[in-house]
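This report refers to the structure that appears directly beneath it.
The values are calculated or read from the model by the stated rules, or taken from the named source; none is laboratory data. Quick caveat: nothing in here was measured; it's all calculated off a predicted structure. Cβ coordinates were reconstructed from backbone atoms using ideal geometry, including for glycine residues, and neighbour counts include every protein chain displayed.
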Amino acid sequence: MELNVGRHSLAHVMAQAVTEMYPGTKLGIGPCIDDGFYYDFDLPEPITPERFAEIEQRMAAILKTQTPFTREVYPSKETALAAFAGEPYKEELIRDLPDGEVITVYHTGEGFTDLCRGPHAENTRELLGWAYKIHAAAGAYWRGSEKNPMLTRLYVYAFPKRDELKAHIARIEEAQKRDHRKLGPQLGLFFLHETAPGMPYWLPKGLKLFNTLLDFWRREHEERGYQEISAPLINNASLWVTSGHWAHYKDDMYVIPPKDEGDPALAVKPMNCPNAMLVYGRSVRSYRELPLRYSDCDVLHRAEASGTLHGLFRVRMFRQDDSHNFITKEQIPSEINAILDIADRFYGIFNLSYKPVLSTRPEDFMGDPALWEVAERELRASLTERFGEGGYTVNEGDGAFYGPKIDLIMTDALGRPWQTGTIQLDFQLPRNFGLTYADRDGTLKEPVVIHRVIYGSLERFIGILTEHFAGAFPFWLSPVQAGIVPVRTAHNEYAQTVLTALRKAGLRCEALFEDESMGGKVNKFRQDKVPYTLVLGDREAEAGTVSVKIRGGKQAQDVPLEAFIASCAAQNEALTLELDQLTIDNA
């Protein structure tokens, strides 16, 4: 039995159990999701988590009846509406069906009937070995619209074997421990406030981490010939009309109405593309200048729906490690390959792997279909050359409105996929903005532009890294790389000497000079997941050494201060993932 056939059959069984336990319940929908299914109900009373086990027991009882799932075709909408009289949500779904569409229902024995296309298991006995667990109840607007009633959505994990369910729950529990929405505030990285939903406040430690990522990005791109620019945050609507965003993206923009009658509307920029076009177009260009790579990390704003906001993963204010690379058609393969080299570098330092996905022309595309075909053909060729015929997948119709793209799907420590980088090949915007370059023979030609990000949103990438490392960041990225603990206040003077030396060497460090227990101060740095905690007492002060508690539990005694600084500098330079254990020969 296919996985989703089993899950969808269990969804019907749960709906039957709920309607038996809660007479008067009205049914919504119950689709499959990645780890099971959910079902929406309009209930006569709330369902509390304490009742989940009772529902599961009722489901088990239904399965044991070994009841067949039988399919029936209704001859007309009128017949279906009569059968579901008193079920307003099913009635609405039936009315919305296209005329002439086959209307089917599935009966679970004589006890339950649901509107459904199927397919289903033949009999409930096929599901007796399945493992399932109701794990959450949440409010959900009918059909996702706040104008509609709020229903109760029951989420269920469902797997063919109990071991699979057990392993999945263990992964979920581990993910909850790593949840960046908890770790971020606990570690002093960021917080979110109701006065600015979806717009994170970066705290001092979080901004150090943010800037360290950005410094690395700038250094790596400078070496590759990228030039960083910055552009206005607010632009006249005419810019977005020219680019096509006004027609395709306006609903997701923060639009500022005109102050005076007759003035144009303004909009807060949701992406950097149109501004980069203006920078390119400000002067006459020659083929000798191409590739011309303009990187940009300005703040962007997008009017995401409130229900989609999720920590740093989905925000309304963010920064992208953006770049717009202006090239000739002949340079497409080499430029895409060079961008993928950057992706290998940036993800590799975090031990993150990725898989490419080609997203093709959407229904609301802009521009010449013939140019779209050329762009898609170029991307396919580049992916095949680098990854082989089976080395990438295709997501039909999911390209940007101005061009097809390669999405980079990254996998973290828990095996979860994340879409981070993207490489978009665009023949349309340069034409919209009238961009040209003088070719070798003096003729004017249109450049091609590649829109690309590697981190994607830095906010989102930091959220991913926080969960990937469970807050224990690599040494080079840690907001605080070394914590300094004088054993007693008498050792504060030496602690200040160590603090000064470390900061002079460019290390990020903190010292706790307060007159409190040494254990309490050590524990604070442990809770903050600081890589190294330096404990300084009489022996260390006399010898000019440090004793080090290494994150993870190991220790190194009597390490010369100069040797410790050298080790830290080497780790910063090498961008290593593992901490140096400081096994230094003092003989």
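Some notes on this structure:
Residue-by-condition table, conditions (1) surrounded by fewer than 17 Cβ atoms within 10 Å (Cβ to Cβ); (2) part of a helix (DSSP H, G or I):
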| residue | (1), (2) |
| --- | --- |
| HIS193 | yes, no |
| GLY198 | no, no |
| PHE210 | no, yes |
| TRP217 | no, yes |
| HIS221 | no, yes |
| GLY225 | yes, no |
| GLU228 | yes, no |
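- For region 235-351, the strands (runs of 3 or more DSSP E) that sit wholly inside it and include 1 or more residues that are touching a residue at least 40 places away in the same chain (Cβ under 8 Å), under 25 Å from THR195 (Cα atoms) and in contact with a Gly (Cβ under 9 Å, 6 or more places away or on another chain) are 317-327.
- Members of region 93-105 that are closer than 19 Å to ASP40 by Cα, out of contact with any Ser or Thr (no Cβ under 7 Å at 6 or more places or on another chain) and in contact (Cβ under 8 Å) with a residue 24 or more places away in the chain: LEU93
- Selection count where residues are surrounded by 14 or more Cβ atoms within 10 Å (Cβ to Cβ), within 25 Å of THR212 (Cβ to Cβ), out of contact with any Pro (no Cβ under 7 Å at 6 or more places or on another chain) and of a type outside the set (Gly, Ala, Ser), scope region 545-574: 11
- PRO204 falls short on exactly one of the conditions (1) surrounded by 13 or more Cβ atoms within 10 Å (Cβ to Cβ); (2) in the same structural domain as ASP322 (by TED's automatic domain parsing), and that condition is (1).
- Residues considered: GLY506, GLY463, GLY483. Of these, the only one that is touching a helix residue (DSSP H, G or I) at 6+ places or on another chain (Cβ under 9 Å), surrounded by fewer than 16 Cβ atoms within 10 Å (Cβ to Cβ) and touching a residue at least 40 places away in the same chain (Cβ under 8 Å) is GLY506.
- Consider region 120-153 and keep the residues that are part of a loop (DSSP other than H, G, I, E, B) and in contact with a Phe, Trp or Tyr (Cβ under 9 Å, 6 or more places away or on another chain). The one that is modelled with the lowest pLDDT is LYS147.
- The residues on offer are GLN496, GLN581, GLN557, and the sole one that is in a strand (DSSP E or B) and not assigned by TED's automatic domain parsing to the domain that holds PHE346 is GLN557.
- Test: residue in region 231-254 that is among the hydroxyl-bearing types (Ser, Thr, Tyr) and closer than 30 Å to GLU573 by Cβ: no
- Taking first residues from region 381-397 that are in a helix (DSSP H, G or I) and partners that are of a type in the set (Val, Ile, Thr), the Cβ contacts under 7 Å between residues at least 6 apart in sequence or on separate chains come to SER382/ILE336; LEU383/ILE406.
- The helices (runs of 4 or more DSSP H) found wholly in region 15-113 and carrying at least 3 residues that are within 27 Å of ALA138 (Cα to Cα) and touching a strand residue (DSSP E or B) at 6+ places or on another chain (Cβ under 7 Å) occupy 52-64, 88-96.
- Of all residues in region 10-26, none are at pLDDT below 95 and crowded, with 16+ Cβ neighbours inside 10 Å.
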